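Enquirer: One structure coming up, written as structure tokens, with questions to follow.
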Amino acid sequence: MSVIIFRGLPGTAKTTSARILKEIIHGPTSLLRTDEVRREITSRQELTYSDESRIKVYTEIGKRAGNLISYGTKVIIDATFEKRAYFQAVKFVIPTTAEIYIIETKCSKNLVRRRMKKREKEGKDESEAKFEQYLKLEKEYEEIPPSFILDTSKTRKIIKSQLEEFLLTH
């Protein structure tokens, strides 16, 4: 079974792209999102973004992925993975037989700013990240070699086509 990680800075369309991929994958597939897991496993008072808290969330994502893989489910993970340690926390707890692919989502800073303003205006943003977090994480973002780079500045149709190409080659 495989684990496909959507990695990128906030606002680079990780969630949108992960959902598109989930639509086109054949067979049982689950999407795990750090934003959702963070809210599930921490109380409002504990909801922090410390390294310790983030490692806890990423480890939980890895455990859930491992459990799903054991039942024959493909797993898509939607997370920033700004530090290698967070990737290692996931990798450490999933079965060693699982194939891991990293899709890096990229677009211009100006597009991220526009997306975040639109999300905030519409009030239906699932992510808690604001543009200030984007700028902070951009400075801390550590390189993890991707399997595929996804240009999310394109239309939904083109993103879907890029993801179909990824599936054919991986």
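Enquirer: Relative contact order for the chain using alpha-carbon pairs under 8 Å, separation at least 6, rounded to a whole percent? Each step should come with its number before you reach the end.
Expert: Numbers: 250 pairs, mean separation 59.6, N = 170.
Computed over the chain, the figure is 35 percent.
Enquirer: Could you identify which residue out of I61, I24, I103 has the top mean-square fluctuation in a GNM of the chain using Cα springs shorter than 10 Å?
Expert: Among I61, I24, I103, the largest GNM mean-square fluctuation belongs to I24.
Enquirer: Just to be sure I understand the model, the point goes 7 Å from the Cα along the line to the Cβ. What's the resulting K63 to E138 distance in nm?
Expert: Using points 7 Å along Cα→Cβ, the separation is 3.6 nm.
Enquirer: Quickly estimate the mean residue ellipticity at 222 nm for the chain, helices only: each DSSP H run with n ≥ 4 gives -39500 (n - 2.57), and the total goes over all residues, rounded to 500.
Expert: That comes out to -16000 deg cm²/dmol.
Enquirer: Express the accessible area of segment 57-131 per residue in Å², computed with a 1.4 Å probe while the remaining protein chains stay in the model.
Expert: Working: 4010 Å² over 75 residues.
With the other protein chains kept in place, segment 57-131 gives 54 Å² per residue.
Enquirer: Right, another one. Take I149 and R114, extend 7 Å from each Cα along the Cα→Cβ direction, and tell me the distance between the two endpoints in nm.
Expert: Calculated label separation equals 2.1 nm.
Enquirer: Something else now. With all protein chains present, how much of the accessible area of segment 32-152 (probe radius 1.4 Å) comes from carbon and sulfur, to the nearest whole percent?
Expert: 50 percent
Enquirer: State the extension gain, in nm to one decimal, for the chain segment bounded by S30 and D51, taking 0.36 nm per residue of separation less the distance between their alpha-carbons. Walk me through the intermediate numbers first.
Expert: Working: separation 21, 0.36 × 21 = 7.56 nm, distance 2.57 nm.
Gain on extension, S30 to D51, equals 5.0 nm.
Enquirer: Pairs K63/K157; K56/K139; K74/K106: which exceed 27 Å Cα-Cα? Walk me through the numbers before you get to the answer.
Expert: Details: K63/K157 33 Å; K56/K139 22 Å; K74/K106 24 Å.
With Cα atoms farther than 27 Å apart: K63/K157.
Enquirer: Dipole of segment 48-170, Cα-centred, from +1 at each Lys and Arg C-beta and -1 at each Asp and Glu C-beta, to the nearest 20 debye?
Expert: Numbers: 25 positive and 20 negative charges, 113 e Å.
Dipole of segment 48-170, to the nearest 20 debye: 540 debye.
The values are calculated or read from the model by the stated rules, or taken from the named source; none is laboratory data. These figures come from a predicted structure and were not determined experimentally. A quick note on method: Cβ atoms are made from the backbone with ideal geometry, for glycine too, and the neighbour counts reach across all protein chains shown. To get the accessible areas, we keep the full protein, side chains included, count just its heavy atoms, and leave off ligands, DNA and RNA. Shrake-Rupley method; radii C 1.70, N 1.55, O 1.52, S 1.80 Å.
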